[in-house]
1. Taking Leu537, is it more than 18 Å from Lys373 (Cβ to Cβ) and surrounded by 24 or more Cβ atoms within 10 Å (Cβ to Cβ)?
2. Scan the stretch 208-259 for residues that are part of a helix (DSSP H, G or I) and away from the ligand (no atom under 12 Å from the Cβ) and jot them down.
3. With the requirement that a residue be open to solvent by 20 Å² or more (accessible area, probe 1.4 Å) and over 25 Å from the mean Cα position of the chain (by Cα), what does the stretch 736-759 give you?
4. Out of Asp332, Asp308, I need the residue that is assigned to a helix (DSSP H, G or I), surrounded by fewer than 20 Cβ atoms within 10 Å (Cβ to Cβ) and in the same structural domain as Met194 (by TED's automatic domain parsing). Which one?
5. Output the residues belonging to the stretch 472-500 that are touching an Asp or Glu at 6+ places or on another chain (Cβ under 7 Å), hydrophobic (A, V, I, L, M, F, W, C) and either open to solvent by 10 Å² or more (accessible area, probe 1.4 Å) or assigned to a loop (DSSP other than H, G, I, E, B) (or both).
6. Please indicate, with yes or no, whether at least one residue in the stretch 696-716 is surrounded by fewer than 20 Cβ atoms within 10 Å (Cβ to Cβ) and hydroxyl-bearing (Ser, Thr, Tyr).
7. Open to solvent by 10 Å² or more (accessible area, probe 1.4 Å) and of a type in the set (Asp, Glu): is that true of Glu272 in this structure?
8. Given (1) more than 30 Å from Thr649 (Cα to Cα); (2) basic (Lys, Arg); (3) within 16 Å of the ligand (Cβ to nearest atom), where does Lys734 come up short, assuming only one miss?
Amino acid sequence: MPLPGGTLDICSLSLASAKSSVVAMTFLRSATLALAALLPLSSAVPTARADNGGWDAAHTKAATALAKLSLQDKVKMVTGEGWEKGPCVGTTAEISSIGYPQLCLQDGPLGIRFAKGITAFPAGVHAASTWDIDLINARGNALGTEAKAMGIHVQLGPVGGPLGKIPHGGRNWEGFSPDPYLTGVAMAETITGMQNAGVQACAKHYIGNEQELNRETMSSTIADRVNHELYLWPFADSVKANVASVMCSYNRLNGTHACESDLALNGLLKGELDFRGYVVSDWNAQHTTVGSAKAGMDMSMPGDNFGDNKYLWGTALTNAVSGGQVDQSRVDDMVKRILASWYYLGQDAGYPKVGWSSWNGGVGGPDVQGDHKIVARDIARDGIVLLKNENNALPLKKPASLAIIGNDAINNPNGPNACVDRGCDVGTLAMGWGSGAAEFPYLISPLDAIQKQATADGTTIVTSTTDGTSEGAAAAGKANTAIVFINADSGEGYITVEGQAGDRANLDPWHNGNGLVEAVANVNKNTIVVIHSVGPLILERILALPNVVAVVWAGLPGQESGNGLVDILYGSKSPNGKLPYTIAKQASDYGTSVKSGDDDFSEGLYIDYRHFDKAGIEPRYEFGFGLSYTTFEYSDLTTTYSDKTGGSTTTAPGGAEGLYDTVATVTAKITNSGTVEGAEVAQLYIGLPSSAPSTPVRQLRGFSKINLAAGESGTVTFSLRRKDLSYWDTDAQKWVTPTGDFTVSVGASSRNLALKGTM
Ligand SMILES: *[C@@H]1O[C@H](CO)[C@@H](O)[C@H](O)[C@H]1NC(C)=O
């Protein structure tokens, strides 16, 4: 594994172990009080929220309004008006007697779909690779601010499912990471940011929707413990962050469609997690009138079956109530939940009206971008992961000549929005395709941004902007340094791109990217590879080429792509992103794949790095990996554990209240031992004591990004919640904190853990 240019201070501490998990203990090795960091320390705990008096007050207001409604009104509020019947991708009818608007629900998780004048932010997976909770929160807040300004009441995001257990999964890029802790923090921060702006967030797709192939028929059979510790985990964090709505998914869970699953909706979500908002169906994921109502679904979208006038609720629901198949109280509960979320976000007073339509290309809508290009660029830049950098090939230092090669370096000649819902891979890749895409207001291509810098530096640029190997080699032969751009795309299954119906067919670069890099590296000794990708790729052929001196993982950066890239390539900021997934040496190493029939999730808890650790497989670049232009040393691990009470078992949003108590604190000192300023993502991994049933050897349970000047030190602090130190006991149906020694590891990645101790 390539390491940063300097040596890390490998410091293994064996900390005194606790006598039992309920004995409070404080270490010992006091932290060397460090110089203050330039930036405040991040800790992975969601910040304050807008709550307008909280859920109880919102439900009280909802009950008052409910009393004024007829059954017909109520049924209107839970049934979508039909596909393309209103201005948004989903609407319900206005109920003027209570001042309730035509509710507007709109995609999506990286920007407002079917609209102009909006920001096309970096995708979720790119936000995750910043590991920066302030930026993730700011992105959510900017998304929510734009949605509110457009009169959107419910913004359909963020995405916590797919979690991404299958690296080929077509929609993984809409979400964050196959690690549930990282995804959970990102969900909570995004929701908090969005809802603080006044829009209702919608956590989707609940649950077990890990592939596009046969997504409407296949069943995910997920063992209870696996569900709690992986797939349900980010939704629990979402509910804890007071998400207003949750979208049930297309697939079946244990044989029953998610939107018809009493266990998933009434049981886990509304029961165990005490979710106070409402469940909206994915578009046409409802299958029955009575079953969905009884299972706990609260809103049917788009209402009809995409424009065929067949409504499973509407009149059919009214009849089911009159006929006694659905209790009136269940419909009252649906309406109360929908109204409560509306009140909870304060949308009953002064909310903007929708003055645009999704169905005319977004023409005539307001410009809501504000200064959001700043956070879009910050994330585009800070989500870039430097994978390889030999002999300080990067940053570039005013090179005399530079060859820019590959179609991924330029914009689609027909414009960045030439293909509907971004359903083609022409020009530079900055988002995947499907309902989670948005229209670019502009797209700064890599070549545009590099050209600008080259002009300032007096660098001669030669280009080959096709993926042709001979043209690429010819251009590469004319410059000192060559930068080759390659990519890999995926998306939602309703569009097929280059033979790929959503999920990726393999983990190779598209358009013979390996061949293009080989052709360039054959003639240029300073070949730098820049990769835009929806998820992991197999890089072995590229890494085998001695002339490939640097590899830059540029993710899915959104509209500010080129600007963010130039900041890193030229070193105006040191690379500081880390991989939110594992990059393997071969696709079969992941141990998961798209299933042609049902999926029994037989890999259990062992996905992504949990699997590589268990199976003893060496990854190419491990989860959490990323290089910098500077180096960091880790020292002075301290651990404090103080769980005396066992915690409150009172149910509250997110589950038993005590699960979220801070029961332990870990700190470490990080020193920038290099020569330039840089930010480091310190990661905390916990191994449960041997008394716990078979569990991954280590799991991410904290991270903190710290910016340090050259020579400067700072302290990172990780707060562990009771749940972070527990496993789900299926027999007892509760989280259990095992007794014994916990392994505590802190370091720069999941396999570069400089500090180790026990607790
Ligand atoms: C699904 O089936 C598995 C295996 O039988 C079981 O452990 C789990 O509790 C079931 N989950 C749901 C959501 O019904």
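The values are calculated or read from the model by the stated rules, or taken from the named source; none is laboratory data. Note that the structure is a prediction, hence the values are computed from the model and not measured. So basically every Cβ, Gly included, is an ideal-geometry build from the backbone, and we count neighbours across all protein chains shown. Heavy atoms of the whole protein, side chains included, go into the accessibility calculation; ligands, DNA and RNA do not. Shrake-Rupley method; radii C 1.70, N 1.55, O 1.52, S 1.80 Å.
1. On the way: more than 18 Å from Lys373 (Cβ to Cβ): yes; surrounded by 24 or more Cβ atoms within 10 Å (Cβ to Cβ): yes.
When the stated conditions are applied, Leu537 passes them.
2. Keep residues of the stretch 208-259 that are part of a helix (DSSP H, G or I), which gives 224-231, 233-240, 258-259.
Result: Glu229, Leu230, Trp233, Pro234, Phe235, Ala236, Asp237, Ser238, Val239, Lys240, Cys259.
3. Within the stretch 736-759, Val736, Thr737, Thr739, Gly740, Asp741, Thr743, Lys756, Thr758 meet the criteria.
4. Values: Asp308 fails: assigned to a helix (DSSP H, G or I).
Matching residue, one of Asp332, Asp308: Asp332.
5. The answer is Ile495, and nothing else.
6. No, because not a single residue in the stretch 696-716 is surrounded by fewer than 20 Cβ atoms within 10 Å (Cβ to Cβ) and hydroxyl-bearing (Ser, Thr, Tyr).
7. Numbers: open to solvent by 10 Å² or more (accessible area, probe 1.4 Å): yes; of a type in the set (Asp, Glu): yes.
It is true that Glu272 is open to solvent by 10 Å² or more (accessible area, probe 1.4 Å) and of a type in the set (Asp, Glu).
8. Lys734 satisfies all of (1) more than 30 Å from Thr649 (Cα to Cα); (2) basic (Lys, Arg); (3) within 16 Å of the ligand (Cβ to nearest atom) except (1).
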